[in-house]
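Student: Once you've had a glance at the structure underneath, I'll fire off some questions.
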Amino acid sequence: MTAKSSSLVLRNDFENANSAYWERKQNDPINLLLGEDDGLFHHHFGIGNFDPAILQLKGQEREDGILAEMHRLESAEVDVLLDALGPLDQHARVLDAGSGRGGTAFMLHERFGCQVDGVAYAQYQVNFANQLAKRRQASDRVTFRYGNMVANPCPDAYYHRVITNETTMYVDLDEAFAEFRRVLVPGGRYVLATWCSNDAVNTALDEVEEINEHYICRIHPRSRYFKALADHGFAPRQVLDLTQAAIPYFEVRSASRFATGVERPYLSAYRSDRMNYLIIAADRLP
């Protein structure tokens, strides 16, 4: 599979702005410091409870404890996502759509031994992740390319699984799910983790607008996910509402000196159930 030119990958103003945002984030401590020990650099949030004792620590020890807990919760989120993939062997092929610096892809390969192809439209992230693959001696099985997740240069029915870890807010769901159906084998599975607005509660949210502006993204309503999955031939087999489990991550992140301020709208929206955090596993129908 060969990379496309930038003009083909970035097709509109939204994609150009989003790609530029991630290209600029080359020295972001909230991501880079967390992966120093195990070489797993995530671009998503975490789930589960943190150890409150770390907040009683002082100085650098306190900050180190906060970052370590954040990283643990981020990796715990990947574990739940991978559980939803179901059984895989080393011959399986998996697409990580919106792969960032590769944290999810490496954990996926280490668990199953399968081939993982990551795709992202920030060239910096692709280069970073490919260098990591070499250092982890996994470049023959885990590769990353510059491209757009909604237009993959692979044959139909090529992948056994597709995974998106908090990246669907950067795409049109109909376009993305149609593409994921195309690249999946019949009976293959698509697993996603996402934050979404809970349109059963409210459709106009200040928090959504604030988060969209911060990350240059477009948060979708919860109902849109299920409609788009059904419209494109996916049958959900597992839906995990992890909204309450997502709250502690932002609580501990708020205590870090690297907090960005976006923690507040997430906490407000999750605590009021106006936004949800979901993991959905859906099978591609024949």
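Student: For region 157-286, what does the alpha-carbon gyration tensor say about shape, rounded, prolate or oblate, given a ≥ b ≥ c as the root eigenvalues, a/c under 1.5 as rounded, and a/b over b/c as prolate?
Tutor: Note, shape of region 157-286 comes out prolate.
Student: Take every Cα pair under 8 Å in the chain that's 6+ residues apart, average their separations, divide by the length, and report that relative contact order as a whole percent.
Tutor: 21 percent
Student: Expected output is a single nm value to one decimal: the length gained when fully extending between F226 and D241, i.e. 0.36 nm times separation in residues minus the C-alpha distance. What is it?
Tutor: Taking 0.36 nm per residue and subtracting the Cα distance, the gain is 4.1 nm.
Student: With r defined as the distance between the Cβ atoms of Q60 and D206 and R0 fixed at 30 Å, what FRET efficiency is calculated, to the nearest 0.05?
Tutor: 0.25
Student: Hand me the trypsin sites (Lys or Arg not before Pro) from region 1-79 located in a DSSP loop with no more than 12 other Cβ atoms within 10 Å, in residue order please.
Tutor: K58
Student: Under the rule of at least 5 residues apart or a separate chain, name every residue whose amide H is placed under 5 Å from the amide H of R145.
Tutor: G118, V119, A120
Student: Next question. Apply the Karplus curve 6.51 cos²θ - 1.76 cosθ + 1.60, θ = phi - 60°, to the phi angles in region 77-83 and return the couplings in whole Hz, x for Gly and Pro.
Tutor: Each residue of region 77-83 in turn: 4, 4, 4, 5, 4, 5, 4 Hz.
Student: So, with +1 on the Cβ of K and R and -1 on the Cβ of D and E, and no other charges, what is the size of the charge dipole of region 71-162 about its Cα centre, to the nearest 20 debye?
Tutor: The dipole magnitude comes to about 340 debye.
Student: While we're looking at this one, here's another question. Between E23 and R264, what is the FRET efficiency for a Förster distance of 22 Å, r being their Cβ-Cβ separation, to the nearest 0.05?
Tutor: Efficiency, rounded to the nearest 0.05: 0.25.
Student: Test of understanding: what is the full-extension gain from A151 to L285, defined as 0.36 nm times their sequence separation minus their Cα-Cα distance?
Tutor: 46.2 nm
Student: Sequence-distant or interchain residues sharing an amide H contact under 5 Å with H220, placed H: which?
Tutor: Amide H to amide H, under 5 Å and 5 or more residues apart or across chains, H220 pairs with S197.
Student: Under the Karplus relation 6.51 cos²θ - 1.76 cosθ + 1.60, θ = phi - 60°, what is the ordered set of whole-Hz ³J(HN,Hα) values for region 225-233, x standing for Gly and Pro?
Tutor: Whole-Hz 3J(HN,Hα) from phi for region 225-233: 4, 6, 5, 5, 4, 5, 5, 10, x.
Student: In nm, what is the difference between 0.36 nm times the number of residues separating D51 and E36 and their Cα-Cα distance?
Tutor: 3.4 nm
Student: While we're on this one: Can you list residues from other chains, or at least 5 along the same chain, whose modelled amide H is less than 5 Å from the amide H of V162?
Tutor: For V162, whose amide H was placed from the backbone, the distant partners under 5 Å are L95, R189, Y190, V191.
Student: OK, next. Could you list the trypsin sites (Lys or Arg not before Pro) in region 225-286 that lie in coil according to DSSP, counting only those with at most 15 other Cβ atoms within 10 Å of their Cβ?
Tutor: R257
Student: While we're on this one: List, in order, the whole-Hz ³J(HN,Hα) value for each residue of region 209-217 obtained from phi through the Karplus relation with A = 6.51, B = -1.76, C = 1.60 and θ = phi - 60°; use x for Gly and Pro.
Tutor: Per-residue couplings from phi come out as 4, 5, 5, 4, 5, 5, 9, 6, 10 Hz.
The numbers here are math on the coordinates, done by the rules we state, and not lab data. What you are looking at is a predicted structure, and each value in this text was computed from that prediction instead of being measured. Virtual Cβ from ideal backbone geometry, glycine too; neighbours counted across all protein chains shown.
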